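These notes are about the structure you will find just below.
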Amino acid sequence: MKIIATYNIKGGVGKTAAAVNLSHLAASGGMRVLLADLDPQAATSFLFRVRPRVKGGGAALVCGNRDLDKAIKGTDFDGLDLLPADFTFRNLALLLDATKRPAQRLARLLRPLKASYDVVFLDCPPGISLLSESVLYAADLVLAPIIPTTLSVRTLDQLTEFIGGLDGHRPAVLAFCSMIDRRKRLHKEIAERLPAERDDVAATAIPALSMIERMAVERSPVTAFAPRSAAARGYAGLWAEVRARLG
C-alpha cells in the first residue's frame, strides 16, 4: 500500500483538486483507493457528496476508540472509498500531542488497511503542525502543488527543509505547478524553469481553468464529468508521473 499526501505549507494552491482527481484516476485504473479528508473544511467530502462527520470525531480515531475502517464511506465510484472530514479535525494536532509517539500515530492507524487498499491519498490542511509531522511520517510521497510565483517557490524550499530536518522516515517530494495562468509572464517562466532545474518538480503543470472550478458545481472529479477536457488530461499526465515516482 502506497500513501500519497497532497500537502503544502501554503493554502489555496490546489491540493484538494489534485487529491480528488488523482484518486479517481487511480480507482478508474483498477486500484483499490482510499481518500482521507483530513481538512476540517471538508471540501473533499463535499465534492464526493459525503456528509462530513465521523462518529466520535477526531478523538475517537486518534485515541483508538474507533477503528479507522468503521469510519470509511463508499463513493459513487467503484474502487474509491472516502474517510470523511469532521469539524473536530481542527483539533487533530492537539489530540495527537496527547498520544505516545504522536508523529507515528497516523502511520499506525493506516497500517491495518494494507490488505484492503493499494493506495491511500491524504488530503491535508495547510500549515506546519504535529499533524503535518504525522502525515509526513506516514507518507511515501508528498505531492505539493505550488502556484508559479516567487513566494510559492519559497514555500517549496521551506517544505523540503522541513522534511529534511525530520528524524526517521522522510517521504519523497514531488511538487507540481498549479493554477497556472499562461497569460502571466512570470507564471510561464517559472513553470518552464522549475522542472528543468529541480528533479523534485513534475514536468506536468495544471492550468487555472474554469472546468476545475466547476467541480464544486458538479460535485464530482473533473476526470469523471469531463474526461476529455484539458484539465482532465493535465491530471492524467500528473498521475502518470506520480506512478513513475512510486515505481
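The values are calculated or read from the model by the stated rules, or taken from the named source; none is laboratory data. Only a predicted model underlies this, so the values are computations on that prediction, with no experimental measurement involved. Cβ atoms come from the backbone with ideal geometry, glycine included; neighbour counts cover every protein chain shown. For the accessible areas, the whole protein counts, side chains as well, though only heavy atoms, and no ligand, DNA or RNA atoms are used. Shrake-Rupley method; radii C 1.70, N 1.55, O 1.52, S 1.80 Å.
Using a/c under 1.5 as the rounded threshold, could you call segment 79-150 rounded, prolate or oblate? The axes a ≥ b ≥ c are square roots of the C-alpha gyration tensor eigenvalues, and prolate needs a/b larger than b/c, oblate otherwise.
Oblate is the answer for segment 79-150, as a/c is 1.5 or above yet b/c matches or exceeds a/b.
Run the paramagnetic zone check for C63: 7 angstrom along Cα to Cβ, then residues of segment 82-120 with backbone nitrogen under 15 Å.
From segment 82-120, the list is 88-89, 91-100.
What does the extension gain come out to for R193 and A240, with contour length at 0.36 nm per residue minus their alpha carbon separation?
Gain on stretching R193 to A240: 14.9 nm.
Give, as a single signed number, the net charge of other residues whose beta carbon lies under 10 Å from the beta carbon of L156, with Lys and Arg counted +1 and Asp and Glu -1.
Values: positive: K10, R154, R198; negative: D157, E161, D200.
Result for the local shell: 0.
By its C-alpha gyration tensor, with a ≥ b ≥ c as the square roots of the eigenvalues, how is the chain shaped: rounded for a/c under 1.5, else prolate for a/b larger than b/c, else oblate? Mind showing how you got there, number by number?
Working: a/c = 1.72, a/b = 1.27, b/c = 1.35.
Verdict is oblate for the chain.
Quick one: helix 15-28 against the long Cα principal axis of the chain, what's the angle to the nearest 10°, folded into 0 to 90?
Once rounded, one gets 80 degrees.
Ignoring everything except DSSP H segments at least 4 long, calculate the 222 nm mean residue ellipticity for the chain; use -39,500 (n - 2.57) per segment, divide by total residues, nearest 500. Numbers along the way, then the final one.
Details: 13 runs with 107 residues, N = 247.
Helix-only estimate at 222 nm: -12000 deg cm²/dmol.
Under unit Cβ charges (Lys, Arg +1; Asp, Glu -1), what dipole magnitude, rounded to 20 debye, does the chain have relative to its Cα centre?
340 debye
Output the pairs from K73/K188; K2/K55; K114/K188 with a Cα-Cα distance over 31 Å in this structure; if there are none, say none.
On the way: K73/K188 40 Å; K2/K55 26 Å; K114/K188 41 Å.
Violating the 31 Å limit, Cα to Cα: K73/K188; K114/K188.
Which trypsin sites (Lys or Arg not before Pro) in segment 151-247 sit in a loop by DSSP (not H, G, I, E or B) and have at most 11 other Cβ atoms within 10 Å of their own Cβ? Walk me through the numbers on the way to the answer.
Numbers: sites: R154, R182, R183, K184, R185, K188, R193, R198, R214, R219, R228, R233, R243, R245; in loops: R182, R183, K184, R198, R214, R219, R228.
Filter output for segment 151-247: R183, R228.
Just the accessible area for M211, please: 1.4 Å probe, Å², rounded to the nearest 10?
For M211, the solvent-accessible surface is approximately 70 Å².
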